[in-house]
Amino acid sequence: MGFDKWKRLGETFLAVALVFFGKQLWALPETSIFAPVSTPANAISRLAVFVLSIAAGIFITLSCLTLYIVVRYRARESDKNLEPPQVFGSTEIELAWTIIPVLIIVVLFLTTAGVLFGLQHKPRPASALNLVVVGHQFWWEFRYPELHITSANELHIPVSANQDSRPTYMKLTSADVDHSFWVPRLAGKVDLIPNRVNGLWVDPHTPGVYLGQCTQLCGVQHAKMLLRVYVDTPEQFAAWVKQQQLPAAQQESVGRQAFETQACINCHNVEGTPATGRFGPDLTHLMSRSTIGSGIVENTPENLRKWVADPATFKPGCLMPSMHLSDQQINDITNYLVSLK
Ligand code: CUA
């Protein structure tokens, strides 16, 4: 291959790489740490850019020096059988390449520690909303102790604007194994560990839906433990709270009887009914959620029906078994679930 061909190949490669990585960086997908909307995520994003800039600086400096040396001291025709001058040891150079990296590491360590401690020891303002997050195999439980609301998988929190600061302070723990709560645009990762309570706070400035996911391997369905965080305007949040505090739809239907005479009620809670199970998600206002199975499929009657018939259709290995119900029972239970608005 001639020089021109190599040059063209190199240019094509560079163009493809630029398009690919450029797209990754600037498309800013819904889970990018470079599109923060909350103070902790902002601090982490800034720190990441700072660390990456230092790393890029080192990379560029070393690449340029290497290129310079390769070209400047390349083997020449006139060098045949000649040995270059041999140099043994240089205190100045050795000191330089020891002290400079140590200084860089000290700077990186101090800035990282500063961000970590700054975020962790931020005092909790009186206006904060308290939230308890419990990780389960393979779903999320959300409790609002002061509001007397229990929900699952889809989190609603208020926006926290500067003039109307209302951050959310979470206490995170686990009912079984280790999980990890990560919504990259809101905050860093925090592990949920059995018999331990960890803390996390967020103060999202922009209403919207922010996605996240469990980031600690917790079993077969770890990858399908998705998080949806709805950051509501104050009015939206008030309306949501009001709706969630209502008792469950109390219809005396065939469906309700089917639900309450099957194993469903051992694991699921429907407020104000004999269903008081705590092992699975609270279903009191099931239909107010847009997805089921911790975000794996849309919450539609067809999907609910498939889920009730056999949860393994969507989530093989999930802890809710197929109850081997008759078609009639499945229809009745689905109808009841659909009524839980
Ligand atoms: Cu829960 Cu991974």
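Observations, loosely collected:
- C-alpha long axis of helix 91-120 to longest principal axis of the chain, angle in °: 20
- Distant-in-sequence amide H partners of ILE149 (H built 1.01 Å from N, under 5 Å): TYR144
- Ordering of 84-90, 208-214 by burial proxy (mean other Cβ atoms within 10 Å per residue, highest first): 208-214, 84-90
- Highest-first packing order for the peptide set 111-123, 183-195 is 183-195, 111-123, based on the mean count of other beta carbon atoms within 10 Å.
- With both labels modelled 7 Å from their Cα along Cα-to-Cβ, the LYS171 to GLN328 distance reads 4.8 nm.
- Contour minus Cα-Cα distance for SER339 and ALA128 (0.36 nm per residue): 72.6 nm
- For segment 240-280, pairs of C-alpha atoms spaced more than 16 angstrom apart make up 39 percent of the total.
- In whole percents, the pair-distance distribution calculated for segment 188-341 from its alpha-carbon pairs, binned every 10 Å from zero, is 9, 34, 36, 19, 3.
- Coupling constants for segment 326-341 follow from the phi torsions by the Karplus curve (6.51 cos²θ - 1.76 cosθ + 1.60, θ = phi - 60°), and in residue order they are 6, 4, 4, 4, 4, 4, 4, 5, 4, 4, 5, 4, 4, 7, 7, 6 Hz; glycine and proline get x.
- Chain lengthening between ILE58 and LEU110 when straightened (0.36 nm per residue, less Cα-Cα): 16.9 nm
- √(5λ) per eigenvalue of the Cα gyration tensor, the chain, largest first, Å: 54, 26, 18
- Calculated FRET value between PHE3 and SER90, using beta carbons and R₀ = 45 Å, to 0.05: 0.75
- FRET efficiency for the THR66 to GLN120 pair, using the beta carbon distance and R₀ = 56 Å, is estimated at 0.85.
- Going by neighbour counts of Cβ atoms within 10 Å, the residues ARG76, ARG289 line up, fewest first, as ARG76, ARG289.
- Additional length obtainable on full extension of the chain from ALA239 to ASN266, 0.36 nm per residue less Cα span: 6.7 nm
- Selection from VAL51, THR291, TRP182 lying farthest towards where the dipole of the chain points positive, charges on Cβ: VAL51
- Spatially proximal lysines relative to LYS306 (Cα-Cα < 21 Å; intrachain offsets below 8 disregarded): LYS224, LYS315, LYS341
- Cα-based radius of gyration of segment 41-100 once divided by 2.2 N^0.38 Å, which approximates compact folds: 1.78
- Applied to segment 46-54, the Karplus parametrisation 6.51 cos²θ - 1.76 cosθ + 1.60 on θ = phi - 60° returns per-residue 3J(HN,Hα) values of 4, 4, 4, 5, 4, 5, 5, 5, 5 Hz, with x for Gly and Pro.
- Within the chain: Cβ-based charge dipole about Cα centre, in debye rounded to nearest 20 (Lys, Arg +1; Asp, Glu -1): 620
- Gap separating the Cα centres of segment 34-76 and segment 217-266, nearest whole Å: 47
- Remark: C-alpha extents of segment 72-184 on the principal axes read 85, 34, 25 Å, sorted largest to smallest.
- Assigned charges on the beta-carbon of Lys, Arg, Asp, Glu; segment 172-255 dipole about Cα centre (debye): 180
- The H on the amide N of VAL177, modeled in the peptide plane, is under 5 Å from the matching H of GLN137, each at least 5 residues off or on a different chain.
- Placing a pseudo-label 7 Å from each Cα along the Cα-to-Cβ vector at VAL16 and ASN162 gives an inter-label distance of 4.7 nm.
- Judged by the mean number of other Cβ atoms found within 10 Å, the most tightly packed of the peptides 258-266, 60-68 leads the ranking 258-266, 60-68.
Throughout, read-outs are computed from the coordinates displayed, never taken from laboratory work. Computed from a predicted structure; not experimentally measured. Don't worry about glycine lacking a Cβ; one is built from the backbone with ideal geometry, like all the others, and counts go over all protein chains shown.
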